[in-house]
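The values are calculated or read from the model by the stated rules, or taken from the named source; none is laboratory data. Model, not experiment: these values are computed from the prediction. We place every Cβ from the backbone using ideal geometry, glycine too, and count neighbours over all the protein chains shown. Ligands, DNA and RNA are stripped out before the accessible areas are found, and what is left, the full protein with its side chains, is counted by its heavy atoms. Shrake-Rupley method; radii C 1.70, N 1.55, O 1.52, S 1.80 Å.
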Amino acid sequence: MIITLVNDTFNINNNGTTISSMRFAEALSKRGHMIRVVTCGDPEKSGIDPETGFEIFYLPELKIPIASMLAHRQHTLFAKPVRSTLEKAIEGADVVHTYQPWWLSDMAQRIAKQMGVPAIAAFHIQPENITYNIGLKWFPPAAHLIYFLFGALFYQRFSHIHCPSKFIAEQLKKHGYKAKLHIISNGVHPTFRPPAEPKKHDSNPIKILMVGRLSPEKRQDVVIRAVKKSRHADRIQLYFAGSGPWEKKLRRMGKKLPHTPVFGYYNREELIKLMHGCDLYIHASDVEIEGISCIEALSCGLVPIISDSKRSAATQFALGEEHLFKSGSPASLAEKIDFWLEHPEKLREAEEKCVHFAQQYALERSIDEIENVYLALKNEARLTAEN
């Protein structure tokens, strides 16, 4: 098949949406599909990517007052929807898969409909991500309004929506979305696997990791406060893998700990090495549409402690109550950290269970499922054209 992926940001490992689209493109290409990508970049560099073989259609950045500033803080962009470029990218395609509900995807859907090419929209932008970052965490109706606007202005034009988790599919149903919802995980890359040798958990300091954008909804602040409350604070070293607008604030907070947290951005290989060297993984986010970094940690045999937030899908990765803490509560998280550090034998047992549990989220399984959806859409469009 010829598959056109439409994502404002691509080829930059800066957020879950981008990473998901890149992994899907890579895996689909390996199965023999022709991949076209429409994204923001230098239009003069458009063409076949020599490394991946993807046909890339670059578009200039669409600069919008305030909105672009907020997007840049999250290391993402808006692409300018150039009709002629989108027509070239969509013409002859079997399916169009849009990733974000912005102007680029809006025009891509309209053009695809005109050309008779089926289109599916992914729901990757959780409204709470927006409300937290504009200071409206305290006002839940704001998120409900964004769900409504997303549906009314964009998603209602699609008969199929890709949902990365059952959690977000249920949210869409609650907010009146009528499309057929396909629950397909973003999938864990096969390179995320446990270390060759079992961990001993006798290092000093004990290493605890959290992966994710450094922003309000991810709640790294809760992790820092929890370590401060822990009975083992003097032997805990925190690692925060990610970047974002909260970095300066978190660095200031971290200076109060016995061991200053380590902040850094890691490529895939470096991240896996870090996961292999850590003892615990914490997923403190209040808002999570899937939480793929959490399942990547499990795939590496890293035992998680996860926020029980009702606005997070990551709770699906908890193997029991001992893996959950009360959302936003440093005291609750400190209690769970101390439990695992004081029961190393249970920690080792849990590691094996985590690896086994994570297998159901393998990327290959997700690609099988999305391929079936694409084929169904292609056949549906063919039957419609014949009638």
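Brief remarks follow.
- Spacing of the two label points (7 Å from each Cα toward its C-beta) at R193 and T260, in nm: 3.8 nm
- Each part reduced to its alpha carbon centroid, the stretch 182-229 and the stretch 120-139 end up 23 Å apart.
- A dipole drawn for the stretch 194-243 from +1 and -1 charges on Cβ atoms has a positive end, and of V222, A241, H201 the residue lying farthest that way is V222.
- Near P198: Cβ cut-off under 15 Å, other residues only, Lys/Arg at +1 and Asp/Glu at -1. The net charge is -1.
- Tail fraction, Cα-Cα pairs, the stretch 156-240, threshold 22 Å, whole percent: 57 percent
- Summarising the label geometry, the points placed 7 Å from Cα in the beta-carbon direction at K228 and A152 lie 4.3 nm from one another.
- Euclidean distance of C-alpha centroids, the stretch 350-370 and the stretch 297-328, integer Å: 16 Å
- Three-way shape call for the stretch 276-387 based on the alpha-carbon gyration tensor, with the a/c threshold at 1.5: prolate
- The residues neighbouring I367, those whose beta-carbon lies less than 10 Å from its own, together hold a net charge of -1 under the Lys/Arg +1, Asp/Glu -1 convention.
- Computed over the chain, the P(r) curve from all C-alpha pair distances, binned at 10 Å from the origin, holds 5, 23, 32, 24, 12, 3, 0, 0 percent per bin.
- Global geometry of the stretch 1-160, whether rounded, prolate or oblate, following the gyration tensor of its Cα atoms and the 1.5 cut on a/c: prolate
- Globularity index of the stretch 140-289, i.e. its alpha-carbon radius of gyration over 2.2 N^0.38 Å: 1.30
- Charge sum, other residues only, whose C-beta stays under 12 Å from F158's C-beta, Lys/Arg counted +1 and Asp/Glu -1: +4
- Take every Cα pair under 8 Å whose residues are at least 6 apart in sequence, average their separation, divide by the length of the stretch 267-328, and the relative contact order is 33 percent.
- Mean separation of Cα contacts under 8 Å, 6 or more apart, over the residue count of the chain: relative contact order %: 14 percent
- Which of G47, S29, I130, positive extreme of dipole for the chain (C-beta unit charges): I130
- Computed from Cα atoms, the angle from the helix 103-115 axis to the main principal axis of the chain rounds to 40 degrees.
- Ranked by the mean number of other Cβ atoms within 10 Å of their residues, highest first, the peptides 345-352, 277-284, 123-130, 177-184 come out as 277-284, 123-130, 177-184, 345-352.
- The share of accessible area on the chain that comes from carbon and sulfur is 54 percent, using a 1.4 angstrom probe.
- Overall, the stretch 1-88 carries a charge dipole of about 220 debye about its Cα centre when +1 sits on the Cβ of Lys and Arg and -1 on the Cβ of Asp and Glu, all other atoms neutral.
- Gap separating the Cα centres of the stretch 242-295 and the stretch 1-73, nearest whole Å: 26 Å
- Heavy atoms of the protein chains alone define the surface here; on that basis the chain has 45 Å² accessible area per residue at 1.4 Å probe size.
- Over the chain, dividing the summed -39,500 (n - 2.57) contributions of all DSSP H runs of at least 4 residues by the number of residues returns a 222 nm mean residue ellipticity of -12500 deg cm²/dmol.
- Label-point separation, E352 to H276 (7 Å along Cα→Cβ), nm: 2.1 nm
- Remark: for residue pairs K310/K336; K137/K218; K137/K255; K207/K273; K199/K353, the C-alpha separation exceeds 21 Å in K137/K255.
- Here the chain is treated with +1 on each Lys and Arg Cβ and -1 on each Asp and Glu Cβ, and its dipole about the Cα centre works out to around 1160 debye.
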